[in-house]
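First up is the structure itself, then whatever we jot down about it.
The values are calculated or read from the model by the stated rules, or taken from the named source; none is laboratory data. Computed from a predicted model, the values in this text were never measured in an experiment. Ideal geometry is used to build each Cβ from the backbone, glycine not excepted, and the neighbour counts take in all protein chains shown. Areas reflect the complete protein model, heavy atoms only, side chains present, ligands, DNA and RNA absent. Shrake-Rupley method; radii C 1.70, N 1.55, O 1.52, S 1.80 Å.
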Amino acid sequence: MRLQGNKIGTHIDELRVFSDWILAIGDGIVGTSVQGNEKVQIPDDLLIKQSVDPTSVIVERLCNGTRFIITKLGNQVIEAKVLVGQMAGQKVFIPRMTLTLSDARIPFKFQRRQFPITVSFAMTLNKSQGQSLSHVGLFLKKPVFTHGQLYVALSRVTRRKGLKILVCDADG
């Protein structure tokens, strides 16, 4: 259902194939059995290829590289601690900005005051039930317990391009 509302810019056949794949996982009819364990083949375009630091790789698909922890939240400014890069550990201040949209076709200007940030969240498979998200990064450090868990994680995304999966095993 999440995918059906997102038909703009997506070829209908590709949308159908993707939604059928997710539903087949949910029904437990996709995959092969290897020594009593079910294995699901994940399409290459959804996989993040392995690297030395898999956690930073998945954070780079979902973020632009700038990450902070907010330490104080005020009406006009946000105080945050930089997590990565040359300024890691430093305190920064992010001011609230006035954004003005002017369009010659209308006789007035739209003005909005907001912080120039995008909030991101991390959650477990179980906590993600009921969520609809445009970008989902799935970090599978261990195999999922059941096909239902995998289905819950995959079915949160509203479009195929918004899904990236990082699978790690004992060999990295």
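Quick notes on this structure:
- For the range 111-121, filtered to residues that are at pLDDT below 85 and open to solvent by 100 Å² or more (accessible area, probe 1.4 Å), the residue that is farthest from the chain's Cα centre (by Cα) is Thr118.
- Some residue of the range 94-105 being out of contact with any strand residue (DSSP E or B) (no Cβ under 8 Å at 6 or more places or on another chain) and modelled with pLDDT of 85 or more: yes
- Being at pLDDT below 85, touching a strand residue (DSSP E or B) at 6+ places or on another chain (Cβ under 7 Å) and open to solvent by less than 80 Å² (accessible area, probe 1.4 Å) is a property that Ile42 has.
- Selection status of Ile78, open to solvent by 80 Å² or more (accessible area, probe 1.4 Å), assigned to a strand (DSSP E or B), of a type in the set (A, V, I, L, M, F, W, C) and modelled with pLDDT of 85 or more: no
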